Amino acid sequence: MSLRPLLPLLALIPLSACASLPWSGEARVARDLGGDWRLAATPDSAPVDPAKYELSFLPKGRAAFQLDCNRASGIWEAKPLSADGGALTFGPLAMTRAMCGKGALDTRIARDMAEVVSYRIDGDMLILNLKDGDAYRWTRAPS
């Protein structure tokens, strides 16, 4: 019996094994982005109380936000492109509409998340890059 007809199939075995490794695409993104993040800086300022602004990457592509006195949720999708980052997009966010205090960034952040195009992780810092070149910086929240 000749193995020649099976050679093309045998060549695919190593590739299929790599797809389930923990550092591959989806698993790596979930590991890197998973958990809670607190806002450290907006493109032009830092909020007075970063604990009022949190982002949680949840399983199955869901995201939850605490935006001052409001909450928002939506979907996210990411694709790793390098060892420390990749493409990232958020779908439209559904947000409560309570009237927060003066200087609240809730509406602005919810609007700007639709403009996110990529992410980069630098230690405990998550940088969300916007289409226009600006960026939001988030720090990993304490466990």
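The values are calculated or read from the model by the stated rules, or taken from the named source; none is laboratory data. As the structure is a computational prediction, the values presented were derived from the model and not from experiment. Glycine gets a Cβ as well: all are built from the backbone with ideal geometry, and neighbour counts include every protein chain shown.
Key figures for this structure:
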item	result
Test for A104: is it outside any strand (DSSP E or B), touching a residue at least 24 places away in the same chain (Cβ under 8 Å) and out of contact with any Asp or Glu (no Cβ under 7 Å at 6 or more places or on another chain)	no
Any hit, region 4-11, residues being assigned to a helix (DSSP H, G or I), modelled with pLDDT of 90 or more and either under 29 Å from D134 (Cβ atoms) or small (G, A, S) (or both)	no
Subset of region 79-107 that is among the hydrophobic types (A, V, I, L, M, F, W, C) and in contact with a Gly (Cβ under 6 Å, 6 or more places away or on another chain) - its residue that is surrounded by the fewest Cβ atoms within 10 Å (Cβ to Cβ)	L93
Subset tally (residues that are closer than 16 Å to A63 by Cα and not in a helix (DSSP H, G or I)) for region 25-51	6
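Yes or no, residue by residue, for (1) part of a loop (DSSP other than H, G, I, E, B); (2) polar (S, T, N, Q); (3) at pLDDT 95 or above; (4) closer than 12 Å to Y119 by Cβ:
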| position | (1), (2), (3), (4) |
| --- | --- |
| E54 | no, no, yes, no |
| A64 | no, no, yes, no |
| A72 | no, no, yes, no |
| A78 | no, no, yes, yes |
| A87 | no, no, yes, yes |
| M99 | yes, no, yes, no |
